[in-house]
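Student: My questions will all concern the structure given below.
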Amino acid sequence: MKMTGMYTAQGAQLAARALAEGKALTIIRAAAGSQLTDAQATGMAAQAQALSIHSKVAQDTGCTVAAVLNAADASQTYTLREVALFACLEGEAEVLYKLFRLDESLLVEAGTDLVVTVYLTETILPAQQVQVTVSQQGLVTQAICTQTAREEAQAVQANLEAHKTDSSAHSAVFAAKANATHKH
């Protein structure tokens with residue numbers, strides 16, 4: 001699947017102002033759309049689902065934003081045709097900044113385990129002028145994994161200790177066994 005990115009009219013103006021004024025542009029959010037939005041539009045034609053922004057990777061000539069579509073979060077089934085980025089300059093309202101159109105559509109069935117990560121590239125502005133608001137939704141860190149493992153190990157140890165001190169823990173098993181004097 002190939003995606004072609006283009007600036008909206010508002011997005012091009014925003015990028016030009018960011019360059020001219022030396023201000024940082026902040027990419028605030030991403031969304032999936034089920035129709036094709038006109039470049040002159042101020043909003044998406046048919047926003048179907050919000051996407052989680054998980055990272056920004058800086059390069060010399062710009063940056064790439066990783067946005068994640070999770071079908072389990074979709075409120076209804078739709079056909080993905082475009083992805084949009086929304087951005088702003090500090091203290092200003094967000095605008096529909098960029099549209100990325102798919103060369104072939106993708107059916108997103110609500111509630112399924114489909115997860116798609118799209119990498120959206122910003123090349124007009126230098127990397128240091130592009131900031132990204134990263135979503136914490138679905139983000140698992142090493143600290144979360146370590147804490148979860150520690151809690152699970154403590155729970156297992158507590159259950160083992162309780163089992164060791166329970167004098168009746170094995171009596172039901174022994175009662176079900178045949179008498180030791182039983183012969184065949």
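Student: Which aspartates and glutamates have a Cα lying under 13 Å from the Cα of LYS23, excluding residues fewer than 8 positions away in the same chain?
Tutor: Hits, sequence-local ones excluded: GLU90, GLU92.
Student: Residues of the range 17-46 with amide nitrogen under 17 Å from the 7 Å Cα-to-Cβ point of SER75?
Tutor: 30-35, 44-46, by backbone N distance to the label point.
Student: Quick check: net charge around LEU99, other residues with Cβ under 15 Å of its Cβ, Lys/Arg +1 and Asp/Glu -1?
Tutor: 0
Student: If you don't mind, another one. Ranked from highest to lowest mean number of other Cβ atoms within 10 Å per residue, what is the order of the peptides 48-55, 154-161?
Tutor: 48-55, 154-161
Student: Using θ = phi - 60° and the Karplus form 6.51 cos²θ - 1.76 cosθ + 1.60, what ³J(HN,Hα) does each residue of the range 90-105 get, whole Hz, x for Gly and Pro?
Tutor: Once θ is set to phi - 60°, the couplings for the range 90-105 become 3, x, 10, 6, 6, 10, 5, 8, 9, 10, 10, 9, 7, 6, 9, 6 Hz.
Student: Then there is this: So for MET1, MET6, MET44, what's the accessible-area order with a 1.4 Å probe, most first?
Tutor: Of MET1, MET6, MET44, the descending order of accessible area is MET1, MET6, MET44.
The values are calculated or read from the model by the stated rules, or taken from the named source; none is laboratory data. As the structure is a prediction and not an experimental result, all values here were calculated from the model. All Cβ positions, glycine included, derive from the backbone under ideal geometry; neighbour counts span all protein chains shown. Heavy atoms of the whole protein, side chains included, go into the accessibility calculation; ligands, DNA and RNA do not. Shrake-Rupley method; radii C 1.70, N 1.55, O 1.52, S 1.80 Å.
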